[in-house]
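A.B. asks: This structure is in structure tokens; I'll ask about it shortly.
The values are calculated or read from the model by the stated rules, or taken from the named source; none is laboratory data. What you are looking at is a predicted structure, and each value in this text was computed from that prediction instead of being measured. We place every Cβ from the backbone using ideal geometry, glycine too, and count neighbours over all the protein chains shown. Keep in mind that these areas ignore ligands, DNA and RNA; they rest on the heavy atoms of the full protein, side chains included. Shrake-Rupley method; radii C 1.70, N 1.55, O 1.52, S 1.80 Å.
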Amino acid sequence: DVPALDTESEEVVDDRADAPLQDEGQITSTGRSPEPIMFTDFGIAPLGPGELITNVQLRLSLGATLDASSHPQQLVIEYSEGGDWTEAGTIVLDGEVSNALNGGYFLFALPLYSKESLDTVSVRVRHEGNWNDDDTLFIDALWLEIDTEIFDRSLLDKRLAPEEFDERLKMPEMHELL
């Protein structure tokens, strides 16, 4: 819907002038929650030989100022590997919320242990509760921190070294069922 051009006066006539202006994501009616925000494309570089993913943490940097007298509000953090959504956790929004007040970035553990899972994972941040026109919330950044470990023969030997066992434990004999 493009404004019409009045060719005689070269003045732009906007027949949409009476329509309320809205920015993307702007909330215009009290009580309506913002639309969920989706994050995708968390792919990582190829893993080296024997390299395994040992830990995946979702980190979130945000700030919010909300009407504390309104009904409880929260952000729900969910993830999906292409199917159903699984809740990773929630952040209660009560008055002012920030990384500083939280003591650091918000942290959620994700049980993803393969490169394929990380290549397909999506994260959704969803608001629950009554949104007021004076409420403000922004997400500065969302990222995954991934720990890996190279599994080689020396690591295997350290994990299976019988001398590491307590003397009270008896090593099984070959004919014993475990």
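A.B. asks: How much accessible surface area, in Å² rounded to 10, belongs to the heavy atoms of Phe138 with a 1.4 Å probe?
C.D. replies: Phe138 exposes around 120 Å² with every protein chain in place.
A.B. asks: Okay, moving on. Using amide H atoms built 1.01 Å from N in the peptide plane, name the residues 5+ places from Trp85, or on other chains, whose amide H lies under 5 Å from its own.
C.D. replies: Placed amide hydrogens put nothing under 5 Å from Trp85.
A.B. asks: Keeping all protein chains in position, work out how much accessible area Glu81 exposes to a 1.4 Å probe, and write it in Å² to the nearest 10.
C.D. replies: Here the residue's solvent-accessible area equals roughly 90 Å².
A.B. asks: Taking 7 Å along the Cα-to-C-beta vector as the label spot, tell me the Asn102-Phe151 distance in nanometres, rounded to one decimal.
C.D. replies: It is 3.2 nm.
A.B. asks: For Tyr105, what accessible surface area do you get with a 1.4 Å probe? Give it in Å², rounded to 10.
C.D. replies: 120 Å²
A.B. asks: If DNA, RNA and ligands are ignored and the probe is 1.4 Å, what is the ranking of Ile77, Ile37, Ile44 by accessible area, most exposed first?
C.D. replies: Details: Ile77 0, Ile37 75, Ile44 45 Å².
Correct descending sequence by accessible area is Ile37, Ile44, Ile77.
A.B. asks: Going from most exposed to least, what order do His127, His71 have by accessible area with a 1.4 Å probe? Could the numbers behind the result be given before it?
C.D. replies: Working: His127 20, His71 120 Å².
So the residues, ranked largest to smallest area, are His71, His127.
A.B. asks: Mind putting together the pair-distance distribution for the range 83-139? All Cα pairs, 5 Å bins, whole percent per bin, short to long.
C.D. replies: Per 5 Å bin, starting at zero, the Cα-Cα P(r) for the range 83-139 comes out as 4, 11, 23, 21, 17, 13, 8, 3, 1 percent.
A.B. asks: Pop out the ³J(HN,Hα) list for the range 94-103 in order, Karplus 6.51 cos²θ - 1.76 cosθ + 1.60 with θ = phi - 60°, rounded to Hz; leave Gly and Pro as x.
C.D. replies: 10, x, 9, 10, 7, 4, 4, 5, 7, x
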